[in-house]
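Here's the structure we're looking at; comments come further down.
Bear in mind that the values in this text are calculations on the coordinates, not laboratory data. None of these values were measured; they are calculated from a predicted model. Cβ: placed from backbone, ideal geometry, glycine included. Neighbour counts: every protein chain shown.
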């Protein structure tokens, strides 16, 4: 579809779209059929039977649409992590939670594959993913920090967040072009390869943070007499 083509009819006679999920489903169908760059917000709104104003009530930009209600999904990941007993080792807990988070009902698999395919291949969506995935990583870092009694922004929690995201994205990339395969198998296999991070027990994690996290800033309002530039000056 190009901007010169007629606006698509409301898809499959659906009723008016009033949720993130329905709008996202319609948009992804149009992107898949006609190409992301050839589908406008107006065309998505017309296909869904809503106004542009309604579209922007749910999504700030076209690039946000394939993500659906991502804030809700991030909270779902947080909920999966909260369910894991504290006696489960850290990376095993992350692995279990991310696997459960990525379980997709059979009827939604094709749509999910199409969404991920768009997100990981379209340049505009790849750029948007830098912002979206930040929230995903932060949830993992916060969970790690709670487990190890550390700050979420310290080195080791940040590392675990980055590694977990990289494992998930690598699994997505292998799963997308492989019909009739199970996404959770790819996710579980990816995390099996990195689970040895559990060897970094709390003491080692603390040592890493001590060595690599930035030190606290210098004290302000130093006594003027202590400043090297004042050496030799007469003191009152």
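Averaged over residues, the count of other Cβ atoms within 10 Å places the peptides 177-188, 134-145 in the sequence 134-145, 177-188, highest first. For residue 151 and residue 82, a Förster radius of 22 Å and the Cβ-Cβ distance give a FRET efficiency of 0.70, rounded to the nearest 0.05. Model label sites at residue 108 and residue 189, defined 7 Å from Cα along the beta-carbon direction, differ in position by 2.4 nm.
Under 8 Å for C-alpha pairs, at least 6 residues apart: give me the relative contact order for the range 11-66, rounded to a whole percent.
This gives 44 percent for the range 11-66.
For the range 67-151, the square roots of the Cα gyration tensor eigenvalues, ordered a ≥ b ≥ c, give a/c of at least 1.5 with a/b no greater than b/c, which places it in the oblate category.
Out of every Cα pair in the range 50-91, what percent are spaced more than 14 Å from each other? Cα-Cα pairs of the range 50-91 separated by over 14 Å account for 62 percent. Each Cα pair of the range 11-66 feeds into the Kirkwood radius, which the Stokes-Einstein equation turns, at 25 °C and 0.890 mPa s, into a diffusion coefficient of 226 µm²/s. Annotation: extensible slack from residue 182 through residue 61 equals 40.5 nm (criterion: 0.36 nm per residue apart, minus Cα-Cα distance). Spatially, the range 141-190 and the range 67-137 are offset by 9 Å when compared through their Cα centroids. Hull volume per residue, based on the alpha-carbon atoms of the range 69-212 and their convex hull, is 110 Å³.
Which order, highest average first, do 45-58, 157-170 follow once you tally other Cβ atoms within 10 Å for each residue and take the mean per peptide?
157-170, 45-58
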